[in-house]
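My questions all concern the structure below.
Only the coordinates and a few stated rules stand behind these numbers; no lab work does. Note that this is a predicted model, so its numbers are computed, not measured. Every residue, glycine among them, receives a Cβ derived from its backbone with ideal geometry; neighbour counts consider all protein chains shown.
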Amino acid sequence: MYSSLASARLTTGETIDISVVLAPDHQWQSQIIPFLGHKPGNFQWHLEMAFQNEKIPILETRFYLAVLQGQPICNIMTVEYAGIGILGHVYTLPAHRRKGVCRALMGEQMSDFTRRGGRYMTLGTGFDTHPYRIYESFGFRSVITDSGFMKFRTDDAFEAQFFGIEAVSIVKPDWRHWPIINVLCAERGGAFIRNVACELFGPSNFEGGYLTFLRGTIEDTRRDARLLVSATGAIVGYATVQPDRRWADQSMLVDLHLQANFTSKAHNLLRSLPLPTGSKILCWTESDTDWKIAALMEEGFQHEATLRNQVARDGRTVNAEVYSLET
């Protein structure tokens with residue numbers, strides 16, 4: 001679905017039309033996909049799925065376009081669910097850079113997002129670069145100091161409300177969870193070792209990683225996950241099982257992470273995760289995550305190894321612990 005938003009005059013005097021395309025839109029598909037043809041594999045997979053509405057109808061994918069003489073010269077994509085989004089695929093054709101195109105398009109995109117009730121959005125860029133400063137001017141802030149992982153929120157109390165203690169359910173991951181899980185991934189504090197298989201340590205952008213993981217759960221029966229979802233729609237925890245690439249997939253990795261208000265649900269979440277048989281399964285944690293260690297031991301995991309002073313956190317170091325289970 002195509003919608004015209006505004007027009008803008010560039011520093012060169014040229015006038016661009018600014019519009020938004022909500023996928024699927026077969027008329028614009030033939031222009032948007034080639035325009036973003038430089039994006040790597042799993043992002044291309046999403047683009048293809050987005051233009052086949054029966055594939056991912058529950059995820060809103062929008063392409064904000066700056067159009068000059070009928071041709072797109074700049075794009076900003078957002079993926080959203082329930083007012084929570086990821087902003088990405090920001091690209092301006094080289095011949096049209098430094099004309100103010102991106103800033104004009106960004107202004108209309110952000111206005112449209114908040115007008116539609118958008119509440120929270122993340123993005124990833126290089127810290128203190130020209131794009132970083134553009135995003136910062138529109139209210140995005142680094143998740144942690146000197147980081148290009150940025151977030152925007154319309155209410156400073158968003159996380160406190162979103163992660164409020166509510167009833168929870170356990171579900172399998174799907175497309176709608178892509179933007180939402182990044183709220184949990186952006187949270188400061190809590191465990192540093194969050195997901196070894198997905199390389200999430202401390203606050204980390206899971207934008208591309210979630211696509212890789214989701215596709216893996218669809219195409220590889222050895223990969224699985226369960227999400228803990230609160231009544232507010234927040235993903236407040238996850239448990240995953242995946243082959244351990246570091247050992248040529250000969251062993252498996254279980255990862256478990258929960259938001260601080262929901263650690264009492266760790267055992268229920270872990271128990272809901274189907275584990276493969278005939279495998280050695282490893283799980284890494286920090287020595288002071290008592291809730292995680294208790295959940296692992298209740299499921300039969302045994303302590304296997306300690307890496308002393310392996311994790312630097314909050315001005316101190318803690319041990320990394322490895323727990324194992326043979327099924």
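Starting from the 7 Å offset along Cα-to-Cβ, what nm value, one decimal, do you get for the label separation of residue 251 and residue 222?
1.4 nm
Scan around residue 304 for amide H atoms under 5 Å from its own, H built in the peptide plane at 1.01 Å from N, and keep only partners 5 or more places away or cross-chain.
Amide H neighbours of residue 304, under 5 Å, 5+ apart: 322, 323, 324.
What ranking, highest mean first, results for peptides 34-46, 79-91, 222-234 when packing means the other Cβ atoms within 10 Å averaged over each residue?
79-91, 222-234, 34-46
Answer with one residue from 92, 140, 71: the one whose Cα lies farthest towards the positive end of the charge dipole of region 2-154, charges on Cβ with Lys, Arg +1 and Asp, Glu -1.
In region 2-154, that residue is 140.
Mind checking which of 153, 116, 215 has the largest fluctuation in a GNM of the chain, springs on alpha carbons under 10 Å?
Looking only at 153, 116, 215, the largest GNM fluctuation is found for 116.
Between residue 155 and residue 260, what length comes free when the chain is fully extended (0.36 nm per residue of separation minus the Cα-Cα distance, one decimal in nm)?
35.7 nm
Restricting to the chain, what percent of DSSP beta bridges are antiparallel, rounded to 5?
The antiparallel fraction comes to roughly 95 percent.
Given an 8 Å cut-off on Cα distances and at least 6 residues of separation, report the relative contact order of region 9-113 as a percent.
Dividing the mean separation by the residue count of region 9-113 yields 27 percent.
Under 8 Å for C-alpha pairs, at least 6 residues apart: give me the relative contact order for the chain, rounded to a whole percent.
Across the chain, relative contact order equals 11 percent.
Pull out the extension gain between residue 6 and residue 69, defined as 0.36 nm times the separation in residues minus the alpha carbon to alpha carbon distance; nm, one decimal.
21.2 nm
What value, in deg cm²/dmol to 500, does the helix sum -39500 (n - 2.57) over DSSP H runs of n ≥ 4 give at 222 nm once divided by the residues of the chain?
That calculation yields -7500 deg cm²/dmol at 222 nm.
Could you give the length gained on full extension between residue 93 and residue 171, defined as 0.36 nm per residue of separation minus the Cα-Cα distance, in nm?
24.0 nm
Could you go through region 65-77 in sequence order and give the Karplus-derived ³J(HN,Hα) for each residue, using 6.51 cos²θ - 1.76 cosθ + 1.60 with θ = phi - 60°, rounded to whole Hz, and x for Gly and Pro?
10, 9, 10, 10, 6, x, 10, x, 10, 8, 9, 10, 9
Measuring from centroid to centroid over Cα atoms, what is the spacing of region 125-196 and region 279-325 in Å?
A separation of 25 Å, based on Cα centres.
A follow-up question, please. Among 113, 185, 202, pick out the residue whose Cα is farthest towards the positive end of the charge dipole of the chain, where Lys and Arg carry +1 and Asp and Glu carry -1 on C-beta, about the Cα centre.
113
Using the crude model of +1 on Lys and Arg Cβ and -1 on Asp and Glu Cβ, and no other charge, please compute the dipole size for the chain relative to its Cα centre, in debye to 20.
Taking the Cα centre of the chain as origin, the dipole is about 640 debye.
When a/c reaches 1.5 or more, the comparison of a/b and b/c decides; with that in mind, is region 2-154 rounded, prolate or oblate per its Cα gyration tensor?
Taking the square roots of the gyration eigenvalues as a ≥ b ≥ c, region 2-154 is rounded.
How many nm is it between the label spots at residue 111 and residue 272, if each spot is 7 Å from the Cα in line with the beta carbon?
If labels sit at residue 111 and residue 272, their model points lie 4.2 nm apart.
Right, another one. Where is the GNM fluctuation largest for the chain (alpha-carbon springs, 10 angstrom cutoff): 59, 93, 269?
Maximum among the listed residues: 93.
Here's a follow-up. Suppose each label sits 7 Å from its Cα in the direction of the beta carbon; what would the residue 53-residue 138 distance come out to in nanometres?
Reported label-point gap for residue 53 and residue 138 is 2.6 nm.
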